[in-house]
Amino acid sequence: MRVTNDPLEAALALAECHLAAVPTETVYGLGARADDAHAIAQIYVAKGRPANHPLIAHLPNIEALDAWGKDIPDFARALAEAFWPGPLTLVIKRTDRAGDFLTGAQDSVAVRVSAHPLMQTVQQELVRITGDASIAIAAPSANRFGQVSPTSADHVKQELGMFLSANDVILDGGDCEIGLESTIIDCTGTQPQLLRPGAITIEQVEQTTGMTCTHDSQVRASGTLDSHYSPRAEVRLVTQQELEAGDYTNSAARIGLLASADITTPIGLVRLAEPTSTDEYARILYWALREADALELRNVLAVSPESHGLGTAILDRLSRAAHPK
Ligand code: TXA
Ligand code: MG
(Lines give C-alpha, C1' and ligand atoms only; values in the text may rest on other atoms or scores of the structure.)
(Ligands and ions follow the chains in the order given, each with its own letter.)
Protein backbone atom coordinates (compact mmCIF):
# COMPACT_ATOMS: atom_id res chain seq x y z
CA MET A 1 0.00 0.00 0.00
CA ARG A 2 1.23 3.51 -0.74
CA VAL A 3 -0.04 6.93 0.25
CA THR A 4 -0.13 9.47 -2.58
CA ASN A 5 -1.39 12.96 -3.41
CA ASP A 6 -1.75 12.09 -7.08
CA PRO A 7 -5.32 11.29 -8.22
CA LEU A 8 -3.95 9.66 -11.40
CA GLU A 9 -2.18 7.05 -9.28
CA ALA A 10 -5.46 6.23 -7.56
CA ALA A 11 -7.29 6.04 -10.90
CA LEU A 12 -4.64 3.69 -12.33
CA ALA A 13 -4.86 1.43 -9.27
CA LEU A 14 -8.66 1.32 -9.62
CA ALA A 15 -8.48 0.64 -13.35
CA GLU A 16 -6.22 -2.34 -12.60
CA CYS A 17 -8.77 -3.65 -10.07
CA HIS A 18 -6.79 -2.71 -6.97
CA LEU A 19 -8.28 -0.75 -4.09
CA ALA A 20 -7.90 3.01 -3.62
CA ALA A 21 -8.98 4.79 -0.46
CA VAL A 22 -10.33 8.11 -1.68
CA PRO A 23 -11.24 11.42 -0.04
CA THR A 24 -14.81 12.71 -0.36
CA GLU A 25 -16.42 15.78 1.18
CA THR A 26 -18.14 13.52 3.76
CA VAL A 27 -15.68 10.82 4.86
CA TYR A 28 -12.97 8.74 3.17
CA GLY A 29 -14.19 5.83 1.07
CA LEU A 30 -12.48 2.53 0.26
CA GLY A 31 -12.91 2.39 -3.50
CA ALA A 32 -12.92 -0.34 -6.14
CA ARG A 33 -14.20 -0.51 -9.71
CA ALA A 34 -17.96 -0.90 -9.35
CA ASP A 35 -18.06 -3.34 -12.28
CA ASP A 36 -15.47 -5.80 -10.97
CA ALA A 37 -16.63 -8.53 -8.60
CA HIS A 38 -13.12 -9.51 -7.58
CA ALA A 39 -12.05 -5.93 -6.74
CA ILE A 40 -15.23 -5.44 -4.71
CA ALA A 41 -14.62 -8.69 -2.85
CA GLN A 42 -11.33 -7.15 -1.65
CA ILE A 43 -13.27 -4.27 -0.07
CA TYR A 44 -15.22 -6.69 2.10
CA VAL A 45 -12.03 -8.47 3.13
CA ALA A 46 -10.24 -5.22 4.05
CA LYS A 47 -13.25 -3.88 5.97
CA GLY A 48 -14.20 -7.17 7.63
CA ARG A 49 -17.74 -6.39 6.46
CA PRO A 50 -20.48 -8.98 5.82
CA ALA A 51 -20.57 -9.58 2.05
CA ASN A 52 -24.31 -9.02 1.66
CA HIS A 53 -24.10 -5.36 2.64
CA PRO A 54 -24.69 -3.11 -0.38
CA LEU A 55 -22.18 -0.44 -1.40
CA ILE A 56 -22.58 3.10 -2.75
CA ALA A 57 -21.60 3.52 -6.42
CA HIS A 58 -19.88 6.89 -6.85
CA LEU A 59 -20.76 8.14 -10.33
CA PRO A 60 -18.50 10.41 -12.41
CA ASN A 61 -21.42 12.81 -13.02
CA ILE A 62 -25.21 13.08 -13.12
CA GLU A 63 -25.28 11.91 -16.76
CA ALA A 64 -24.20 8.44 -15.56
CA LEU A 65 -27.40 8.07 -13.50
CA ASP A 66 -29.37 6.18 -16.16
CA ALA A 67 -26.56 3.68 -16.75
CA TRP A 68 -26.96 2.41 -13.17
CA GLY A 69 -30.59 3.17 -12.34
CA LYS A 70 -33.96 2.65 -14.06
CA ASP A 71 -37.55 3.77 -13.52
CA ILE A 72 -36.08 6.79 -11.75
CA PRO A 73 -38.89 8.98 -10.40
CA ASP A 74 -38.93 12.72 -11.10
CA PHE A 75 -38.39 13.53 -7.42
CA ALA A 76 -35.12 11.56 -7.45
CA ARG A 77 -33.92 13.43 -10.54
CA ALA A 78 -34.84 16.71 -8.85
CA LEU A 79 -32.71 15.74 -5.83
CA ALA A 80 -29.78 14.76 -8.03
CA GLU A 81 -30.05 18.05 -9.97
CA ALA A 82 -30.23 20.07 -6.76
CA PHE A 83 -27.54 18.41 -4.63
CA TRP A 84 -25.01 16.69 -6.91
CA PRO A 85 -22.14 16.84 -6.70
CA GLY A 86 -22.61 16.72 -2.94
CA PRO A 87 -23.30 14.75 0.25
CA LEU A 88 -26.47 13.00 -0.96
CA THR A 89 -26.93 9.31 -1.83
CA LEU A 90 -29.99 8.12 -3.73
CA VAL A 91 -31.26 4.54 -3.63
CA ILE A 92 -32.93 3.74 -6.97
CA LYS A 93 -33.97 0.65 -8.92
CA ARG A 94 -30.90 -0.86 -10.54
CA THR A 95 -30.06 -1.72 -14.13
CA ASP A 96 -28.11 -4.88 -15.03
CA ARG A 97 -24.97 -2.80 -14.77
CA ALA A 98 -25.24 -2.87 -11.00
CA GLY A 99 -24.26 -6.44 -10.17
CA ASP A 100 -25.33 -8.50 -7.17
CA PHE A 101 -21.81 -8.14 -5.78
CA LEU A 102 -22.36 -4.35 -5.60
CA THR A 103 -25.93 -4.26 -4.34
CA GLY A 104 -25.92 -7.18 -1.93
CA ALA A 105 -28.36 -8.81 -4.40
CA GLN A 106 -31.03 -6.18 -3.68
CA ASP A 107 -32.98 -4.90 -6.69
CA SER A 108 -31.87 -1.34 -5.93
CA VAL A 109 -28.54 0.49 -6.07
CA ALA A 110 -27.21 3.41 -4.01
CA VAL A 111 -25.57 6.18 -6.10
CA ARG A 112 -23.95 9.51 -5.45
CA VAL A 113 -21.63 12.05 -7.10
CA SER A 114 -18.95 13.38 -4.75
CA ALA A 115 -17.98 17.05 -4.75
CA HIS A 116 -14.40 16.50 -3.57
CA PRO A 117 -12.08 17.92 -6.27
CA LEU A 118 -9.56 15.06 -5.98
CA MET A 119 -12.33 12.45 -6.10
CA GLN A 120 -13.76 14.16 -9.17
CA THR A 121 -10.35 13.99 -10.84
CA VAL A 122 -10.03 10.29 -9.95
CA GLN A 123 -13.43 9.64 -11.55
CA GLN A 124 -12.60 11.60 -14.71
CA GLU A 125 -9.25 9.83 -15.05
CA LEU A 126 -10.93 6.45 -14.59
CA VAL A 127 -13.40 7.34 -17.36
CA ARG A 128 -10.49 8.35 -19.60
CA ILE A 129 -8.35 5.27 -18.87
CA THR A 130 -11.20 2.79 -19.32
CA GLY A 131 -13.00 4.64 -22.12
CA ASP A 132 -16.21 4.02 -20.18
CA ALA A 133 -18.18 7.26 -19.66
CA SER A 134 -20.29 5.94 -16.80
CA ILE A 135 -17.76 3.83 -14.89
CA ALA A 136 -18.43 4.10 -11.17
CA ILE A 137 -16.35 3.63 -8.03
CA ALA A 138 -17.90 1.45 -5.34
CA ALA A 139 -16.85 2.81 -1.97
CA PRO A 140 -18.04 2.24 1.56
CA SER A 141 -16.53 4.35 4.33
CA ALA A 142 -12.87 3.31 4.73
CA ASN A 143 -13.12 1.89 8.26
CA ARG A 144 -13.32 -1.62 9.70
CA PHE A 145 -16.92 -2.78 9.99
CA GLY A 146 -18.85 -1.06 12.78
CA GLN A 147 -16.06 1.42 13.54
CA VAL A 148 -15.95 5.19 13.19
CA SER A 149 -15.59 6.49 9.60
CA PRO A 150 -12.20 8.06 8.74
CA THR A 151 -12.01 11.78 7.97
CA SER A 152 -8.31 11.94 7.12
CA ALA A 153 -5.83 9.83 5.17
CA ASP A 154 -3.97 9.13 8.43
CA HIS A 155 -7.10 7.63 9.95
CA VAL A 156 -7.47 5.36 6.91
CA LYS A 157 -3.86 4.26 7.19
CA GLN A 158 -4.08 3.57 10.92
CA GLU A 159 -7.25 1.56 10.57
CA LEU A 160 -6.95 -0.24 7.23
CA GLY A 161 -3.25 -0.01 6.34
CA MET A 162 -2.52 -3.54 7.52
CA PHE A 163 -5.46 -4.95 5.56
CA LEU A 164 -4.48 -3.40 2.20
CA SER A 165 -2.27 -5.08 -0.41
CA ALA A 166 0.97 -3.88 -1.99
CA ASN A 167 -0.73 -2.38 -5.06
CA ASP A 168 -3.51 -0.61 -3.17
CA VAL A 169 -3.36 3.16 -2.73
CA ILE A 170 -4.47 5.74 -0.16
CA LEU A 171 -5.12 9.09 -1.83
CA ASP A 172 -4.48 11.91 0.65
CA GLY A 173 -6.94 14.75 0.09
CA GLY A 174 -6.62 16.35 3.52
CA ASP A 175 -9.35 16.51 6.15
CA CYS A 176 -12.95 15.93 5.03
CA GLU A 177 -14.99 19.11 4.93
CA ILE A 178 -18.26 17.70 6.33
CA GLY A 179 -17.03 14.83 8.48
CA LEU A 180 -20.28 12.79 8.53
CA GLU A 181 -21.49 10.28 5.94
CA SER A 182 -23.90 11.37 3.20
CA THR A 183 -27.66 11.64 3.63
CA ILE A 184 -29.28 8.54 2.11
CA ILE A 185 -32.72 8.86 0.49
CA ASP A 186 -34.62 5.81 -0.71
CA CYS A 187 -36.24 6.75 -4.02
CA THR A 188 -37.71 3.35 -4.89
CA GLY A 189 -41.18 4.20 -3.59
CA THR A 190 -43.71 6.89 -4.42
CA GLN A 191 -42.10 9.48 -2.15
CA PRO A 192 -38.65 10.08 -0.64
CA GLN A 193 -37.70 8.15 2.49
CA LEU A 194 -34.77 9.05 4.71
CA LEU A 195 -32.50 6.08 5.44
CA ARG A 196 -29.60 7.99 7.02
CA PRO A 197 -29.49 11.66 8.05
CA GLY A 198 -26.56 13.77 6.85
CA ALA A 199 -25.63 17.24 5.69
CA ILE A 200 -28.56 17.42 3.25
CA THR A 201 -31.53 17.77 5.60
CA ILE A 202 -35.09 16.43 5.44
CA GLU A 203 -36.24 20.04 5.09
CA GLN A 204 -34.04 20.49 2.00
CA VAL A 205 -35.34 17.23 0.51
CA GLU A 206 -38.95 18.27 1.10
CA GLN A 207 -38.38 21.75 -0.32
CA THR A 208 -36.74 20.39 -3.46
CA THR A 209 -39.28 17.64 -4.14
CA GLY A 210 -42.41 19.33 -2.81
CA MET A 211 -43.14 15.99 -1.08
CA THR A 212 -43.12 14.70 2.47
CA CYS A 213 -39.93 12.79 3.26
CA THR A 214 -40.68 9.85 5.53
CA HIS A 215 -38.16 8.03 7.67
CA ASP A 216 -39.60 4.63 8.47
CA SER A 217 -38.18 2.62 5.62
CA GLN A 218 -37.72 -1.13 5.97
CA VAL A 219 -34.85 -1.10 3.47
CA ARG A 220 -31.63 -2.52 4.89
CA ALA A 221 -28.82 -0.10 5.57
CA SER A 222 -25.86 -1.21 7.64
CA GLY A 223 -25.40 2.32 8.92
CA THR A 224 -28.79 1.90 10.52
CA LEU A 225 -27.74 -1.03 12.70
CA ASP A 226 -28.21 0.15 16.24
CA SER A 227 -24.58 -0.07 17.27
CA HIS A 228 -22.38 1.49 14.61
CA TYR A 229 -19.91 4.34 14.20
CA SER A 230 -18.58 3.15 17.51
CA PRO A 231 -15.23 3.79 19.24
CA ARG A 232 -13.80 1.49 21.96
CA ALA A 233 -14.59 4.06 24.63
CA GLU A 234 -18.12 3.86 25.98
CA VAL A 235 -20.06 6.89 24.82
CA ARG A 236 -22.90 8.30 26.91
CA LEU A 237 -25.26 11.01 25.69
CA VAL A 238 -26.08 13.56 28.38
CA THR A 239 -27.90 16.85 28.54
CA GLN A 240 -26.07 19.98 29.66
CA GLN A 241 -28.01 19.80 32.96
CA GLU A 242 -26.99 16.18 33.57
CA LEU A 243 -23.40 17.06 32.77
CA GLU A 244 -23.37 19.96 35.21
CA ALA A 245 -25.03 17.91 37.95
CA GLY A 246 -22.27 15.28 37.86
CA ASP A 247 -19.25 15.13 40.17
CA TYR A 248 -16.17 13.89 38.35
CA THR A 249 -13.50 14.83 40.84
CA ASN A 250 -13.15 11.35 42.34
CA SER A 251 -13.63 9.33 39.20
CA ALA A 252 -11.06 6.53 38.95
CA ALA A 253 -11.24 6.27 35.15
CA ARG A 254 -10.47 9.25 32.96
CA ILE A 255 -13.64 10.47 31.25
CA GLY A 256 -13.71 12.48 28.02
CA LEU A 257 -16.10 15.30 27.18
CA LEU A 258 -17.44 16.30 23.80
CA ALA A 259 -19.64 19.40 23.82
CA SER A 260 -19.98 22.73 22.05
CA ALA A 261 -17.71 25.57 23.12
CA ASP A 262 -20.37 27.38 25.18
CA ILE A 263 -20.40 24.50 27.68
CA THR A 264 -17.59 24.71 30.25
CA THR A 265 -15.61 21.63 31.26
CA PRO A 266 -16.50 20.31 34.74
CA ILE A 267 -13.41 19.61 36.87
CA GLY A 268 -12.10 16.10 36.35
CA LEU A 269 -13.15 15.64 32.70
CA VAL A 270 -10.81 15.50 29.70
CA ARG A 271 -12.09 17.94 27.08
CA LEU A 272 -11.86 16.35 23.64
CA ALA A 273 -13.17 19.23 21.55
CA GLU A 274 -15.06 22.50 21.81
CA PRO A 275 -16.74 23.10 18.45
CA THR A 276 -18.14 26.61 17.99
CA SER A 277 -20.78 25.65 15.40
CA THR A 278 -22.83 22.65 14.32
CA ASP A 279 -20.74 22.38 11.14
CA GLU A 280 -17.58 22.24 13.20
CA TYR A 281 -19.14 19.70 15.57
CA ALA A 282 -19.86 17.40 12.60
CA ARG A 283 -16.38 17.93 11.16
CA ILE A 284 -14.53 17.00 14.38
CA LEU A 285 -16.92 14.35 15.76
CA TYR A 286 -15.14 11.25 14.43
CA TRP A 287 -11.74 12.76 15.07
CA ALA A 288 -12.75 13.32 18.72
CA LEU A 289 -14.04 9.75 19.13
CA ARG A 290 -10.75 8.42 17.73
CA GLU A 291 -8.84 10.76 20.04
CA ALA A 292 -10.74 9.28 23.01
CA ASP A 293 -9.42 5.84 22.01
CA ALA A 294 -5.91 7.18 21.44
CA LEU A 295 -5.99 8.65 24.97
CA GLU A 296 -7.32 5.30 26.22
CA LEU A 297 -10.33 6.93 27.83
CA ARG A 298 -12.85 4.40 29.03
CA ASN A 299 -15.86 6.73 28.81
CA VAL A 300 -16.91 9.77 26.82
CA LEU A 301 -19.77 12.06 27.80
CA ALA A 302 -21.31 13.83 24.82
CA VAL A 303 -23.73 16.75 24.77
CA SER A 304 -25.35 16.72 21.33
CA PRO A 305 -26.38 19.87 19.50
CA GLU A 306 -30.12 20.31 19.01
CA SER A 307 -31.80 17.90 16.65
CA HIS A 308 -32.45 20.04 13.60
CA GLY A 309 -30.46 20.54 10.41
CA LEU A 310 -27.05 18.93 10.66
CA GLY A 311 -27.67 18.48 14.40
CA THR A 312 -30.03 15.59 13.54
CA ALA A 313 -27.19 13.72 11.84
CA ILE A 314 -24.81 14.39 14.75
CA LEU A 315 -27.38 13.12 17.27
CA ASP A 316 -27.97 10.05 15.08
CA ARG A 317 -24.25 9.15 15.01
CA LEU A 318 -23.77 9.88 18.73
CA SER A 319 -26.79 7.69 19.57
CA ARG A 320 -25.30 4.81 17.59
CA ALA A 321 -21.87 5.33 19.12
CA ALA A 322 -23.60 5.26 22.54
CA HIS A 323 -25.62 2.14 21.81
CA PRO A 324 -24.44 -0.88 23.83
CA LYS A 325 -22.31 -3.19 21.66
O1 TXA B 1 -20.70 9.68 2.68
C2 TXA B 1 -20.84 8.52 2.36
O3 TXA B 1 -21.93 8.03 2.01
C4 TXA B 1 -19.59 7.62 2.37
C5 TXA B 1 -18.63 8.14 1.28
C6 TXA B 1 -17.41 7.30 1.15
O7 TXA B 1 -19.33 8.23 0.07
N8 TXA B 1 -19.91 6.27 2.15
C9 TXA B 1 -20.53 5.50 3.07
O10 TXA B 1 -20.69 4.17 2.66
O11 TXA B 1 -20.91 5.91 4.14
P12 TXA B 1 -21.10 3.02 3.67
O13 TXA B 1 -21.05 1.77 2.85
O14 TXA B 1 -20.25 3.06 4.87
O15 TXA B 1 -22.58 3.35 3.97
C16 TXA B 1 -23.51 3.26 2.92
C17 TXA B 1 -24.84 2.85 3.45
C18 TXA B 1 -24.80 1.48 4.09
O19 TXA B 1 -25.48 1.59 5.32
C20 TXA B 1 -25.54 0.62 3.11
O21 TXA B 1 -26.24 -0.42 3.76
C22 TXA B 1 -26.50 1.61 2.46
O23 TXA B 1 -25.73 2.75 2.33
N24 TXA B 1 -26.90 1.16 1.14
C25 TXA B 1 -26.14 0.92 0.06
N26 TXA B 1 -26.86 0.44 -0.96
C27 TXA B 1 -28.13 0.39 -0.54
C28 TXA B 1 -29.36 -0.04 -1.13
N29 TXA B 1 -29.42 -0.50 -2.37
N30 TXA B 1 -30.48 0.04 -0.39
C31 TXA B 1 -30.43 0.51 0.88
N32 TXA B 1 -29.31 0.92 1.50
C33 TXA B 1 -28.18 0.85 0.80
MG1 MG C 1 -19.77 3.04 6.83
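The values are calculated or read from the model by the stated rules, or taken from the named source; none is laboratory data. Because the structure is a prediction, the values reported are computed rather than measured. No Cβ is skipped: glycine too gets one built from the backbone with ideal geometry, and neighbour counts run over all protein chains shown. Remember, those area values only see protein heavy atoms, side chains included, never the ligands or the DNA or RNA. Shrake-Rupley method; radii C 1.70, N 1.55, O 1.52, S 1.80 Å.
For the reader, a short list of remarks on this structure follows.
- Applying the criteria of a DSSP loop state and at most 15 other Cβ atoms within 10 Å to the GluC sites (Glu not before Pro) of the stretch 1-64 yields 16.
- The tail of the calculated P(r) for the stretch 246-325 beyond 16 Å holds 50 percent of all Cα-Cα pairs.
- Three-way shape label, the stretch 17-87, alpha-carbon gyration tensor, a/c 1.5: prolate
- When the chain is treated as a GNM with alpha-carbon contacts under 10 Å, the residue of 112, 232, 283 showing the greatest mean-square fluctuation is 232.
- Overall form of the stretch 1-120 per C-alpha gyration tensor (a/c, 1.5; a/b vs b/c): oblate
- Distant-in-sequence amide contacts of residue 148, defined by a placed amide H-H separation under 5 Å and a gap of 5 or more residues or a different chain, comprise 230.
- Accessible carbon and sulfur surface of the stretch 234-322 relative to its total accessible area, %, 1.4 Å: 47 percent
- When only alpha carbons of the stretch 2-209 are considered, Rg and Dmax amount to 15.5, 47 Å.
- Note on the stretch 133-148 and the stretch 270-325: Cα centroid distance 22 Å, given to the nearest whole angstrom.
- Computed about its Cα centre, the charge dipole of the stretch 2-209 is approximately 420 debye, with only Lys, Arg, Asp and Glu carrying charge at their Cβ.
- Looking at the chain, the DSSP beta bridges with both ends there are about 40 percent antiparallel.
- Projecting the Cα atoms of 277, 192, 299 onto the charge dipole of the chain, computed from C-beta unit charges around the Cα centre, puts 299 farthest toward the positive end.
- Highest-fluctuation residue, 178, 40, 62 considered, GNM on the chain with Cα pairs under 10 Å: 62
- The chain, relative contact order in percent, only Cα pairs under 8 angstrom and at least six apart counted: 20 percent
- Using heavy atoms of the protein chains and a probe of 1.4 Å, the accessible area assigned to residue 276 is about 110 Å².
- Candidates 23, 54, 275, ranked by Gaussian network fluctuation over the chain, Cα under 10 Å, top entry: 275
- Virtual spin-label span in nm between residue 212 and residue 129, 7 Å along Cα→Cβ: 4.8 nm
- Each Cα pair under 8 Å and six or more residues apart adds its sequence gap; the mean of these over the residue count of the stretch 234-322 is a relative contact order of 38 percent.
- Per residue, the chain exposes an accessible area of 42 Å² to a 1.4 Å probe, with every protein chain left in place.
- Share of carbon and sulfur in the accessible area of the stretch 2-209 stands at 48%, probe radius 1.4 Å.
- For residue 83, the solvent-accessible surface with a 1.4 Å probe is about 30 Å², rounded to the nearest 10.
- Rolled with a 1.4 Å probe across the full set of protein chains, the surface gives residue 239 an accessible area near 60 Å².
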